[in-house]
Amino acid sequence: MYRPITETPVDESTPATHARGNPHHNESVNDNDSLWYKDAIIYQLHVKSYRDSNADGFGDFRGLLEKLDYIEQLGANTVWLLPFYPSPLRDDGYDISAYEEINPTYGSIDDFRALLEAAHDRHIRVITELVINHTSDQHPWFQRARRAPKDSPERNWYVWSDDPNKYAGTRIIFTDTEKSNWSWDPEAQQFYWHRFFSHQPDLNFDNPEVVEAVKNVMRFWLRMGVDGLRLDAIPYLIERDGTNCENLPETHQVLKDLRAALDAEFPNRIFLAEANQWPSDVRQYFGHSDECHMAFHFPVMPRMYMAIRKEDRTPVVDIMRQTPEIPEDCQWAIFLRNHDELTLEMVTDEERDYMYREYARDPRMRINVGIRRRLNPLMDGGRRQVELMNALLMSMPGTPIIYYGDEIGMGDNIYLGDRNGVRTPMQWSADRNAGFSEADTAALFSPLIVDPPYGYHTVNVGAQERVPTSLLRWMRRLINVRQEYKAFGRGTWEPVDAANRRVLVFIRRYRDELILCVNNLSRFAQYVELDLHALRGMVPLELWSKNCFPGIGDLPYLLTLGPHNFLWFRLMPPEQAKSYQRST
Ligand code: GLC
C-alpha cells in the first residue's frame, strides 16, 4: 500500500477519457466489470429507517424504491442494506430467525425483487447481509438443537459445553451487556457459546452440515440477484482451545470454501468482510484472492478522527504504513460512521482515552468499546470539518461507504438505548414525521431527531435540495469529482513527506492518472512545502475548479491552505493540463 514517490512516465498518447462538466457517472458502470467494487460509492442504509410507504411507522422496501432516484442523484452506485430478515429485533435484525424470508414489516419477497430490479435498472448494485456467525435463539435450528439429545447431530449445529470456562482466552465484545461468552440453556442442560448477545447463539462451523446450510442461504439471495454479501462478524466462526478464537486458520478455510461456492456459480458477485482487526490480520481475509474481495479498514477510521482533532497527520500515516499490500483484485472499504458505535477496539489504550475525552465527554455517548454518535455531531456541526472528513473518505485508498443521513449532516439521539441513536428515521423534509412516514408520530419505530441544531425542521433533504451551498449539494459534487478519476478507487496511496505535520499529503496513482491530495487538518491556515522534484515539469490541475496551478519545478512546491481546507490536483504535463483547464 505504501510506496515512495517515483517518477512516472506519463503516457501522453492516452486519449483524454476525462469527462468535463457533470457526467452521469452511473452510466459508466459496466455490468460485466469484475472489478466494479473498486469504482463503487456505497450507500449504507436500513430499510426500516429510510422511508415508510404504508404508514405503519416502519420503513419498507416500497418506500426505499421511491427514494432510489435520490440515491442515484447523490452519486452512489451501490446500496448496502442492513438485515431485513425475520427477527425478534433484539439486535436490530442481526438476530435472524429465518434466513430465506423477509421481515413482513418491511415488505415481501416480491417487493425485494422489485427493488433489486429497479436498482439494477439504474445501474445501482445491491449488497445484503450474510450473518452466519450466529442466529437468533428463536431460529428453528437453535430450537431444534436445544431440544435434541446431547451430542446428537441436531444439537451439534451450535457450540455447546458443560464447562463455562472453556475458551477462556476469548474477549467479550458487547462489554456493556455480557459477562461471559457462555449462557446456560435450561432446556439443553448445557452452556451455549455466543460472541455477541446471549440471545445470539454461535453456529458451529466445525459441522459440515452448517457450512452446507450457509452456502444454501448464500445461493438463495445470489440467485435472486444480489450483487454482494457483507460477511458479518467473520473472524469468530471457529473456536479452538488455547487461542483467542479469532482469525483461526480453520475460519479462513471456511471462507475459502464459501468463496469457491460463490465463484462456481456467481461471477462478478463479491464478499465484503466485517473483520474488526488490525491490518495484518485483516489482510488474511483477502487470502490469495480466494476469500473476500473487500474488507473494511477498521483501524484507519478512528485515526482520521484523531488526526483532525490533534491537527496532526501522524495517526493516519502510521496506520497506513502498517497496512500491507493486498492482492490486485482486492479492495479496502473506507468509512467514517456506520450503524454501530464508532469502534475503538483497534486503537491503543492511550488513543482510546483520547478519543473518549475528545469525542464522548458525556458517558451516554459511549457504548461497549466505542462512541455512539454520528459524524456531524462528532464534528460539533462544523461544516469545514465535515467536508474535510468526507474528502478523506473519498480520497483514502479503497471504496467509500456513506452512512445514510450523514450526507445531510443528520444528528443523533444519545438518550436512546443500544446503538439506536444513530439509526433514527431519515429526514426527508420539514413536514410531519420528517417526510419519513404518514403514521401517527407516536407509532414511529423510533423518535425523530427534533432538537436544534440537528432537528428535522432544519436538517432535511428538501431544504438542502433548495440551497446550492448545502452539505447535500456539496456531497454530490464531491462524489462527482471523485468519480471522474479511477485513481481514487484503484490507485496506490503514496504519502508525501512535508515538514508541517498539520497537513496530510498523499498521491493516488493509477496508470497515467496521478492525483495529489493535500489536507489541512488544522483549524488555522497553514502552508506546506512539498518535495515534488521527482515530478518536475508537471502541472497541477485543481480538480474542482479545473484551474492550472504553477508548474512543479526544482524548488519545494509551496501551497497555502485555509482552515480545514483540502485540495485535490491532477498532475499532468503542461499541454495536457491546459487542454483540461476551464476557460475563464
Ligand atoms: C455486527 C453488526 C452489529 C451486530 C453484531 C452482532 O458487528 O455490525 O450491528 O450487533 O454484528 O450481530
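The values are calculated or read from the model by the stated rules, or taken from the named source; none is laboratory data. If you're wondering where the values come from, they're calculated on a predicted model, not measured in any experiment. With ideal geometry, Cβ positions are generated from the backbone for all residues, glycine too; neighbour counts draw on all protein chains shown. Each accessible area value is taken on the protein alone, full model and side chains, heavy atoms only, with ligands, DNA and RNA left out. Shrake-Rupley method; radii C 1.70, N 1.55, O 1.52, S 1.80 Å.
Note on Asp263 and Ala114: with the Förster distance fixed at 30 Å, the Cβ-Cβ geometry gives a FRET efficiency of about 0.60. Run the simple label-point estimate for Asp290 and Arg240 please: 7 Å along Cα→C-beta, distance reported in nm. Label-label distance for Asp290 and Arg240, simple model: 1.8 nm.
Here is the link list: Lys48/Lys166; Lys67/Lys310; Lys38/Lys215; Lys67/Lys215; Lys48/Lys486; Lys310/Lys486. Which ones come out longer than 29 Å on Cα distance? Going by Cα-Cα distance, Lys48/Lys166; Lys67/Lys310; Lys67/Lys215; Lys48/Lys486; Lys310/Lys486 fall outside the 29 Å limit.
Taking a ≥ b ≥ c as the square roots of the Cα gyration tensor eigenvalues, with a/c under 1.5 meaning rounded and otherwise prolate when a/b beats b/c, else oblate, which class fits the stretch 32-89? Cα axes put the stretch 32-89 in the oblate bin.
Could you provide, to the nearest whole Å², the per residue accessible area of the chain with probe 1.4 Å? Walk me through the intermediate numbers first.
Details: 21890 Å² over 584 residues.
The answer is 37 Å² per residue.
Distance between the modelled labels on Glu358 and Ala98, one decimal in nanometres: 4.8 nm (7 Å Cα→Cβ projection). Computed over every Cα-Cα pair of the chain and binned at 20 Å starting from 0, the pair-distance distribution P(r) comes out as 20, 55, 23, 2, 0 percent. Summarised in one figure, the compactness ratio Rg/Rh of the stretch 140-193, Cα atoms and Kirkwood Rh, is 1.00.
Just to be sure I understand: if I project the alpha-carbon convex hull of the stretch 390-469 onto a plane and average over all orientations, what area do I get in nm²? List each step's numbers first, then the result.
On the way: hull surface 26.4 nm².
Mean shadow area of the hull around the Cα atoms is 6.6 nm².
When the surface is traced with a 1.4 Å probe over the full set of protein chains, Thr105 keeps roughly 50 Å² accessible. Taking the DSSP beta bridges with both ends in the chain, the antiparallel portion is around 60 percent.
At an R0 of 25 angstrom, the distance between the Cβ atoms of Glu154 and Ser180 translates into a FRET efficiency of 0.55.
Can you give the relative contact order of the stretch 140-193 as a percent, counting alpha carbon pairs under 8 Å and 6+ residues apart?
Working: 59 pairs, mean separation 19.8, N = 54.
Worked out over the stretch 140-193, it gives 37 percent.
Computed from the C-beta positions of Ala443 and Asn216, the FRET efficiency with R₀ = 35 Å rounds to 0.40.
Length available on full extension from Glu465 to Arg383: 0.36 nm per residue minus the Cα-Cα distance, which gives 27.8 nm. Once C-alpha pairs closer than 8 Å and six or more residues apart are averaged by separation and normalised to the residue number of the chain, the relative contact order reads 14 percent. Evaluating 6.51 cos²θ - 1.76 cosθ + 1.60 at θ = phi - 60° for every residue in the stretch 132-140, the Karplus couplings come out as 10, 4, 8, 10, 6, 5, 8, 5, x Hz, glycine and proline recorded as x.
The heavy atoms of Ile172 present about 50 square angstrom of accessible area, all protein chains included, probe 1.4 Å. Grouping the Cα pair distances of the stretch 293-345 into 10 Å bins from zero gives a pair-distance distribution of 23, 50, 25, 2 percent in increasing distance order. Seen from every direction in turn and averaged, the convex hull around the alpha carbons of the stretch 271-368 projects onto 6.4 nm². Under 18 Å from a point placed 7 Å out from the Cα of Arg122 along the Cα-to-Cβ direction: which residues of the stretch 33-65 have their backbone N that close? Counting only backbone N, you get 40-54, 59-65. Between Asp163 and Asp206, the simple label model (points 7 Å from Cα in the Cβ direction) yields a spacing of 1.3 nm. The GluC sites (Glu not before Pro) of the stretch 296-336 that meet both conditions, a loop assignment by DSSP and at most 14 other Cβ atoms within 10 Å of the site Cβ, are Glu325, Glu328.
Kindly sort Thr314, Thr348 by accessible area of their heavy atoms, largest first, with the probe set to 1.4 Å. Could the numbers behind the result be given before it?
Numbers: Thr314 50, Thr348 70 Å².
Reading off the accessible areas and sorting them downward yields Thr348, Thr314.
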